[in-house]
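The values are calculated or read from the model by the stated rules, or taken from the named source; none is laboratory data. What you see is a predicted model, and the numbers here were worked out from it, not measured in a lab. Don't worry about glycine lacking a Cβ; one is built from the backbone with ideal geometry, like all the others, and counts go over all protein chains shown. Note: areas computed on protein heavy atoms with side chains; ligands, DNA, RNA excluded. Shrake-Rupley method; radii C 1.70, N 1.55, O 1.52, S 1.80 Å.
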Amino acid sequence: MSRRTPPLADRLAALREAVEVAEGRLDVPEVGRARSLLAKAGARSALGDATVVALAGATGSGKSTLFNALSGAEVSTPGVRRPTTGVAHATTWGEQETDRLLDWLEVPRRHRHAPEPALDGLVLLDLPDHDSVRLEHRLEVDRLVALVDVLVWVLDPEKYADAAVHDRYLVPLASHAGVLFVVLNQVDRLDAAAEAACLADLRGLLDREGLAGTPLLAVSARTGRGVADLRGALAHRVAARRAAVDRLTADVRSAAVELGAHAPARSDAGWGRREHAALVDDLGSALAGAAGVPTIAAAVERSAVRDGAGRTGWPLLRWARKLRPDPLARLHLGNERARSSLPPAGAVELAAVATAVRRARETAAEDLPQAWRDELRRTVEGAEEVVPDRLDAAVAGADLGPTRVPLWQRAVGGLQWVLALVALVGALWLLALVVLGFFRLDDVLPLPRVQRVPLPTLLLVGGLLAGLLLALVSRPLVRLRARRRARAAERGLRAAVDEVAEDVLLGPMTDVREDAARFRAAVEAAAR
Ligand SMILES: Nc1nc2c(ncn2[C@@H]2O[C@H](COP(=O)(O)OP(=O)(O)OP(=O)(O)O)[C@@H](O)[C@H]2O)c(=O)[nH]1
Ligand SMILES: [Mg+2]
């Protein structure tokens, strides 16, 4: 087997791969036809290497007469009343068991020819008329034309140019060199000049139809002229023992060419890294809007301000802050399996998502044929349905950044307690002085002064003022840290959202493109 023509098994494997890739993806009739061909090939290959030759043609062209001439007996009755032959007849040559083959072909009338080594392995069929007034004849012809290995088209001098035969049967087999013979029968009815003119005209017609490689023989089934040549040509095909393989090869190639109409023009499947990253970014920012990432980031910031201010604020007012709910906790994040309490995305956000998805889909659809574009659209539509749930789960489970309390906030918090304690000591001291003064026991407690200010007053006022000052100084720092936390949370959320964009939308789109490329490669391998 030369390298340019791969063996039938390889072609069939390639066609099977193309069908498997296309299955459930491409909604085109060619896939179904290729699948039936694979079934036929599997069945035919198991039925031996006999050569099934069928005589086909219009009613009255002389198929049955020629069939009998080749069979050497009147197996099929020719007739004057048209159409004559209603069911296919078979004559088999040689010892080979052909019953299973004929069962598969569903040909009931069978005749075994006397031993004739040159034609050993031939199964000759006489078909009904292809252009019959009877529908069942036409159906039977079409069924068998698809199954046999070699077709001998029997034309007669009147109707040899009939467009029905040429357009429907001959032209589609143009690529099937070796599968087709054309016979001009009844040449006994023509004189030499008319026969030559007729043959030249028919030859020209066939050549123009792309059938230049198809042999054309002049015969007369009645006188036997040319029948020996036809017998010789058939013997040649039979001896090669590859008519079945040739027919299947030709079928696989035309099926692959048909499928090729739905293959992408370019073979490179994926998009470049930069293109891919740009798509993720585009989709990610649209999805982030719809997923409420800005809302969550704002809640993280407010929550961090609340916590930080609480921690660094004046201790005696902390309980008041605790009464206000945590804006982050209200969103019920942190559980991937439960829905968050995020408000649903608004119309603007949803429109932005739709636009980004459409842009991504259009990029993915570039240079894909229509059938793959349709599949891409179906895939994206399916994916879009799960996007809201996947987004919610993603943001609910996203890493919102470090939640560790910063050391300085702890330190400030501790210092606040100390200052509060100092103020308290001052207050209690003053209270004690007032009580003792009431009982005229002023001298029991000393009253040290610092620069003429009584120490307890200094402790009370100083503690309070210092606490207030510390709280005020801490505020901008708390805000700064809250903004940093919000940014970190936003990064975490974006990463989770980008993953959804990648997983739910871009991944399946990439799969479609890759399948289209695989399809193209398989179709090319089958058609080579
Ligand atoms: N002159 C002449 N008549 C022929 C020749 N071959 C067949 N005939 C006649 O043409 C008529 C039709 O022949 P059939 O063999 O029944 O034709 P068929 O193609 O089998 O027709 P259907 O079974 O109806 O499709 C018969 O009368 C034959 O005798 C031939 O080579 N020369
Ligand atoms: Mg007939």
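Worth pointing out:
- Remark: the range 314-409 carries 62 Å² of accessible area per residue (probe radius 1.4 Å; ligands, DNA and RNA excluded).
- In the range 178-320, inverting the average of 1/r over every pair of distinct C-alpha atoms gives 23.8 Å as the Kirkwood radius.
- Ordering of 245-256, 426-437 by packing [mean C-beta count within 10 Å, highest first]: 245-256, 426-437
- Here the Kirkwood formula, the inverse mean of 1/r across different C-alpha pairs, assigns the range 403-453 a hydrodynamic radius of 13.5 Å.
- Estimated translational D of the range 290-358 in µm²/s (Stokes, Kirkwood radius over Cα pairs; 37 °C; 0.692 mPa s): 232
- Full-extension gain in nm, Arg168 to Ala239, via 0.36 nm per residue minus C-alpha separation: 22.6 nm
- Above 23 Å, the calculated P(r) of the range 296-404 contains 51 percent of its Cα-Cα pairs.
- Per-selection Kirkwood Rh - the range 231-389 (Cα, Å, 1 d.p.): 21.7
- If only the Cβ of Lys and Arg carry +1 and only the Cβ of Asp and Glu carry -1, the dipole of the range 297-407 around its Cα centre is close to 980 debye.
- Placing R0 at 41 angstrom, the Cβ-Cβ distance between Asp281 and Arg324 gives a FRET efficiency of 0.65 after rounding to 0.05.
- Degrees separating the helix 273-290 axis from the principal Cα axis of the chain, which is the longest one: 60
- Extreme residue, positive dipole direction of the chain, given options Val80, Val444, Leu8 (C-beta unit charges): Val444
- 0 to 90° range, to nearest 10: angle between helix 135-147 axis and the chain longest Cα axis: 70
- Rg of the Cα atoms in the range 376-427, relative to 2.2 N^0.38 Å, amounts to 2.54.
- Sequence-distant residues sharing a close amide H with Thr51 (under 5 Å, placed H): Leu122, Val123
- Rounded to 5, the percent of DSSP beta bridges in the chain classed as antiparallel: 20
- Between 0 and 90°, nearest 10: helix 407-438 axis offset from the chain longest Cα axis: 30
- Calculated FRET value between Arg266 and Leu135, using beta carbons and R₀ = 35 Å, to 0.05: 0.15
- Amide hydrogen neighbours beyond the local backbone of Gly57, cut-off 5 Å, H modeled: His130, Val154
- Over the range 400-500, the fraction of Cα-Cα pairs per 5 Å bin, rounded to whole percents and listed from the shortest bin up, is 3, 11, 14, 14, 11, 9, 8, 7, 6, 5, 4, 3, 2, 1, 1, 0.
- Whole-Hz Karplus values for the range 30-46 come out as 4, 5, x, 5, 5, 5, 5, 4, 4, 5, 4, 4, x, 5, 5, 4, 7 Hz, taken residue by residue from phi with 6.51 cos²θ - 1.76 cosθ + 1.60 and θ = phi - 60°; glycine and proline positions read x.
- Calculated over the range 439-483, the projected area of the Cα convex hull averaged across directions stands at 4.8 nm².
- Calculated log₁₀ intensity ratio I(q)/I(0) where the Debye formula runs over C-alpha points of the range 22-100, q = 0.19, 0.26 Å⁻¹: -0.90, -1.18
- Close amide-amide hydrogen proximity is noted between Ala218 and Leu184, each under 5 Å apart and 5 or more residues distant or on a separate chain (H modeled in the peptide plane; Pro and chain starts excluded).
- Gyration tensor (Cα) of the range 342-383, equivalent ellipsoid semi-axes in angstrom: 25, 11, 6
- Note on the range 128-183: with charges restricted to the Cβ of Lys and Arg (+1) and Asp and Glu (-1), its dipole about the Cα centre is near 120 debye.
- Backbone geometry of the range 474-479 corresponds, through the Karplus equation with coefficients 6.51, -1.76 and 1.60 at θ = phi - 60°, to 3J(HN,Hα) couplings of 5, 3, x, 5, 4, 4 Hz, x marking Gly and Pro.
- In the calculated pair-distance distribution of the range 1-157, the portion above 26 angstrom amounts to 37 percent of the Cα-Cα pairs.
- Taking the convex hull of Cα positions in the range 110-229, its mean projected area over all directions (nm²): 8.4
- Nitroxide proxy distance, nm - points 7 Å out along Cα→Cβ at Phe439 and Asp103: 12.3
- Based on alpha carbons, the Rg and Dmax found for the chain are 45.0, 159 Å.
- Debye intensity ratio in log₁₀ form over the Cα atoms of the range 201-244, taken at each q of 0.18 Å⁻¹: -0.70
- The length gained by stretching the chain between Leu447 and Thr403 to full extension, at 0.36 nm per residue less their Cα-Cα distance, is 11.1 nm.
- Förster radius 41 Å - calculated FRET efficiency between Arg203 and Ser45 (Cβ-Cβ, nearest 0.05): 0.75
- Per-bin percent of Cα-Cα distances, the range 67-134 [5 Å]: 4, 17, 27, 22, 17, 9, 5, 1
- Taking the chain and dividing mean pair separation by its residue count, relative contact order in percent (alpha carbons under 8 Å, at least six apart): 19
- Annotation: peptides 322-328, 212-218, 512-518, ranked by per-residue average of other Cβ atoms within 10 Å with the highest first, follow the order 512-518, 212-218, 322-328.
- Per-residue HN-Hα couplings for the range 442-456 [Karplus 6.51, -1.76, 1.60; θ = phi - 60°; Hz; x = Gly/Pro]: 3, 7, 5, 9, x, 10, x, 10, 10, 6, 6, 8, x, 4, x
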